Amino acid sequence: MTRALLEGSEAIARAALAAGCRFFAGYPMTPFTELLEHLAALLPEHGGVCINAESELEAIGMAWGAAATGARAATGSTGQGLALMQESLSEITRAELPLVVFHMARGQYDYHQATRGGGHGDYRHVVLAPIDVGEAVALTQLAFHTADRWRHPVHLYGDFLLAHTWESVEVAPLDLGALPAKDWAVDGSLGGSGRSRNLNPIGMRKGVKGIDPESFWKRLQAKHDAIAAAEPRFEAEGCADADLVVVAFGSLARFARGAVRELRAAGARVGLFRPVTLWPFPSQALAAAAAGARRVAVLEQNAGQMIDDVRLAVLGAVPVVPIGGISSDEAGFGLGDLYAPDEVRGRVESALEKSALEETP
Amino acid sequence: MSARGPVLPIDRPPEQPARRLGHFHPRLLTGAEHDLCPGCGEPLAIRLLLEVIDELGCAERAIGVIGIGCYTAFTPTMDVDLVQALHGRAPSVATGAKRMRPDALLFTLQGDGDMVNEGLQEVIHTAARGEAVTCVLLNNGVFGETGGHMTATTAPGQRTKNTLDGRDTAYHGHPIRIADLLAPLGGTVYAARGSVHDAANVVKTKAMLRRALETQLEGRGFSFVEILTMCPTGWFVPTAEGPGYLDRVLRPVHATGELRNGERCVTSETLLAEARARDEG
């Protein structure tokens, strides 16, 4: 495989194929539409199936059924469509099915939706937030692997910029290690054996009358705890001696990284902390990275969502301030004046000046 | 109570103790306990489905997708691979499973609240797509699990917990005859409505289930069987009066018979007219 100049959507679609994705269902909505277009063209050529679902409700249902057979399956949408899918997303979690969800958001307004979910009950999904197309290719493959490892839904949080940016990337299958056999998947083969399966989100078991919700939910929560301990991922640079630590994720982190590097080169004591997993949030790593800082500045394109997790991570040890905010293009697709190197650099510089006024912690 | 009265007297102890005459236990129905009420028609309908699956030699390739309703509590007794879906969503879940396992026999089980209320679009789209799955509707005209509330198939005049004076079509709207909606769609190959309120209809319903599953095995397209089932608890009638109530209240609206078999397609009105002609003849 050689490098090729690919649009983000096509690179993600090809990465899904490289990961062995065989089923996709979706309903068009910008900026998810382009991913659906590419998979509709690519999957049938590679022995897979892509269904143009009649609504997001059907798309998530179809992906549920495909995942239940053990096939690597995915769906996705943007925030509005994902809102429709929440009941199934919640239930699929309790059925312990691996599923990849491409959350191609209109900007960063769906951080809470992705990390908290809008469905019923106690659950979280692993959320991976690539900074650019190259990382999206790797994280897409990691998403399928992580979903299979834990039998748990994994989201890839992208946006309009990621979907439409052309970058030179190499899409080659990654060896991410061995996974357990999918002996839980339904194929019909155990009918009449007394050991037939029931992929059940409410804790029902064959041969047993009724349910036992408390023990069922506690077992699932223990799995959440294990994921939260094992899966946090992050990137940190220049935090060790930083007065100011900037926290940003996804496409906007690329602008933050540029600003931090420029200011570093000019001698400023500023660092960048970038969560790669939005859940589990890399809280311990952030607390360590911010331990010597006077101030933590959160750059996100929304009214303040990730800042909740940042504050929970540092637990009051360092002042946490927002330097992002609402910013939009005329169509509401998730771009805005915030996505400009000078704008981001100016906000970071302003935070640096204010952090100089803070007392040393 | 049916017009002919009960088969066995129920107002006094039997004249002779019960004797076991034979083993009637289908292989795919385990003896596990369940929570369904006495007089419920759903176990009977599910038993027929499991018998047909076994008779077709498909026990080791069947996958069921289950909705949410009283019948959900019966599924621990079903010895076939199952996927428990959400209320209303079984047809799309079955679609995804069938596309990944084309050799499996895919069936769904849903109630009228599940299929015709919550998930109406799912079954219509699945039929229109000609998906090679068999959707089975257990229709008792009420939300049984919640305690007898109106659904989209409740008959006009039928008394439920939220239509205490009977379903007034001017106020509560008209019932949907779902088999009539599905039968004419391009992807539908087989659609029928049976009932389990008496022995003759049990036999006919089993034949419908067989034709529906055969349609799927032949790869011809979408197949659908609606089964009218007794719910004396949700109808607020004595257990023994369930079959008679079904015959008297539900069947005049949801006429039994085949609505679609290959190219032949009729409506419930046609089936009702045929039934009237038979009664008069």
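Using only atoms on other chains, find how many Cβ atoms lie within 10 Å of each Cβ of peptide A:208-218 and report the average.
Numbers: counts 3, 8, 5, 3, 0, 0, 0, 0, 0, 0, 0.
Partner-chain Cβ atoms within 10 Å, mean over residues of A:208-218: 2.
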Amide H within-cut-off set for B:L138, under 5 Å, with H built and near neighbours excluded: B:Q110, B:G111, B:D112, B:I227
Gaussian network model of chain A, springs between alpha carbon atoms under 10 Å - residue of A:D148, A:D175, A:D241 with greatest fluctuation: A:D175
Ranking A:V169, B:V93 by Cβ neighbours within 10 Å, fewest first, what do you get? A:V169, B:V93
Result row for chain B, helices from DSSP H with C-alpha axial extent 15 Å or more and mean Kyte hydropathy at least -1.0, is B:42-55, B:90-100, B:199-217, B:268-280
Would you mind counting up the charge near A:L39? Only other residues with Cβ under 12 Å from its Cβ, with Lys and Arg at +1 and Asp and Glu at -1. -2
Filtered hits (aspartates and glutamates, Cα-Cα < 16 Å from A:K354, offset >= 8 within chain) -> A:D243
Using θ = phi - 60° and the Karplus form 6.51 cos²θ - 1.76 cosθ + 1.60, what ³J(HN,Hα) does each residue of region A:241-251 get, whole Hz, x for Gly and Pro? 10, 7, 6, 10, 10, 8, 10, 8, 9, x, 4
When you count, for each residue, the other Cβ atoms within 10 Å and take the mean per peptide, how do B:58-66, B:119-127 rank with the highest first? B:58-66, B:119-127
Per-residue mean of other chain beta-carbon atoms within 10 angstrom of the beta-carbon, peptide A:78-91? 1
Sequence-distant or interchain residues sharing an amide H contact under 5 Å with A:G334, placed H: which? A:D329
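With a ≥ b ≥ c the root eigenvalues of the C-alpha gyration tensor of region A:38-90, is it rounded (a/c under 1.5), prolate (a/b larger than b/c) or oblate? Mind dumping the intermediate values first?
On the way: a/c = 2.46, a/b = 1.46, b/c = 1.69.
Oblate shape, in that a/c is at least 1.5 and b/c is the bigger or equal ratio.
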Along the Cα→Cβ direction, 7 angstrom out, place labels at A:R219 and A:D329. What is the inter-label distance in nm? 4.7
Can you compute 3J(HN,Hα) from phi for each residue in region A:28-36, using the Karplus curve 6.51 cos²θ - 1.76 cosθ + 1.60 with θ = phi - 60°, rounded to whole Hz and x for Gly and Pro? x, 6, 5, x, 7, 3, 5, 5, 4
How shielded is B:54-61 by partner chains, expressed as the average number of their Cβ atoms within 10 Å of its Cβ atoms? 3
Sequence neighbours fewer than 8 away in the same chain don't count; with that in mind, list the lysines whose C-alpha is under 27 Å from A:K209. A:K182, A:K218, A:K223, B:K206
Principal axis lengths of the protein assembly as shown from Cα atoms, whole Å, largest first? 100, 51, 49
Step through the residues of region A:97-113 one at a time and calculate ³J(HN,Hα) from phi using the Karplus curve (6.51 cos²θ - 1.76 cosθ + 1.60, θ = phi - 60°), rounding each to whole Hz and writing x for Gly and Pro. 10, x, 8, 9, 10, 8, 9, 8, 7, 8, x, 10, 6, 9, 4, 5, 4
Any residue on another chain or 5+ positions along whose placed amide H is under 5 Å from the amide H of A:G271 is listed here as A:L244, A:V245, A:V246
For chain A, take the longest principal axis of its alpha carbons; what is the angle in degrees between that and the long axis of helix A:56-68, to the nearest 10 within 0 to 90? 60
Describe numerically, in nm with one decimal, the distance between label points set 7 Å from Cα along Cα→Cβ at B:E218 and at B:D11. 5.1
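Convex hull volume of the Cα atoms in chain A, per residue, in Å³? Numbers along the way, then the final one.
Numbers: hull volume 50.4 nm³, N = 361.
Value for chain A: 140 Å³ per residue.
Can you show me the helix-derived [θ] at 222 nm for chain B, built from DSSP H runs with n ≥ 4 at -39,500 (n - 2.57) apiece and divided by the number of residues, rounded to the nearest 500.
Working: 9 runs with 83 residues, N = 281.
After summing the helix terms and dividing by residue count, I get -8500 deg cm²/dmol.
Coordinate-derived values only; no laboratory data. This structure is a prediction, so every number in the text was calculated from the model and none was measured. Backbone-built Cβ (ideal geometry, glycine too); neighbour counts: all protein chains shown.
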